[in-house]
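Working notes for the structure below.
The values are calculated or read from the model by the stated rules, or taken from the named source; none is laboratory data. Quantities reported herein were computed from a predicted structural model and do not represent experimental measurements. As a convention, Cβ positions derive from the backbone with ideal geometry for all residues, glycine included, and neighbour counts pool all protein chains shown. Heads up: the accessible areas ignore ligands, DNA and RNA and are worked out on the full protein's heavy atoms, side chains in. Shrake-Rupley method; radii C 1.70, N 1.55, O 1.52, S 1.80 Å.
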Amino acid sequence: MRQVTIVLPDELSAALAAPGQDLSRAALEALALAAYRERKISAVHLRQLLGYETRMEVDAFLKSHGIEREYTLEDIERDRETHRQLVL
């Protein structure tokens, strides 16, 4: 795991996070969202990076940022495996 430190002037740090939002979390979400938009990471990686438990949390996060998540081949395979486990 890698830790990244960003030094910001006080007047900018207040503008970069929503009121009451942790600036570190806001920076992580912005970085993760940019990487997802640029297709550098998948929805699975986005979920892991942001610490979400479910795909629905990822979908809600993306929706709150105006992004519709694509249903990928990886999603289909995971859903098939879940279905197999439930049927047995």
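Couple of notes before you dig in:
- Residues being assigned to a helix (DSSP H, G or I), of a type in the set (A, V, I, L, M, F, W, C) and farther than 24 Å from residue 24 by Cβ - total across region 57-88: 4
- Inclusion of residue 41 among residues that are at pLDDT 85 or above, surrounded by fewer than 14 Cβ atoms within 10 Å (Cβ to Cβ), in contact with a helix residue (DSSP H, G or I) (Cβ under 7 Å, 6 or more places away or on another chain) and not charged (D, E, K, R) is not warranted.
- Flag for residue 29 being of a type in the set (Asp, Glu) and touching a residue at least 24 places away in the same chain (Cβ under 8 Å): yes
- Test: residue in region 55-68 that is open to solvent by 90 Å² or more (accessible area, probe 1.4 Å), without any contact (Cβ under 8 Å) to a residue 12 or more places away in the chain and in contact with a helix residue (DSSP H, G or I) (Cβ under 9 Å, 6 or more places away or on another chain): yes
- Qualifying residue in region 73-84 (condition: of a type in the set (Asp, Glu), surrounded by 11 or more Cβ atoms within 10 Å (Cβ to Cβ) and touching a helix residue (DSSP H, G or I) at 6+ places or on another chain (Cβ under 8 Å)): yes
- Residue 29 within 27 Å of residue 7 (Cα to Cα), among the charged types (D, E, K, R) and in contact with a Phe, Trp or Tyr (Cβ under 8 Å, 6 or more places away or on another chain): yes
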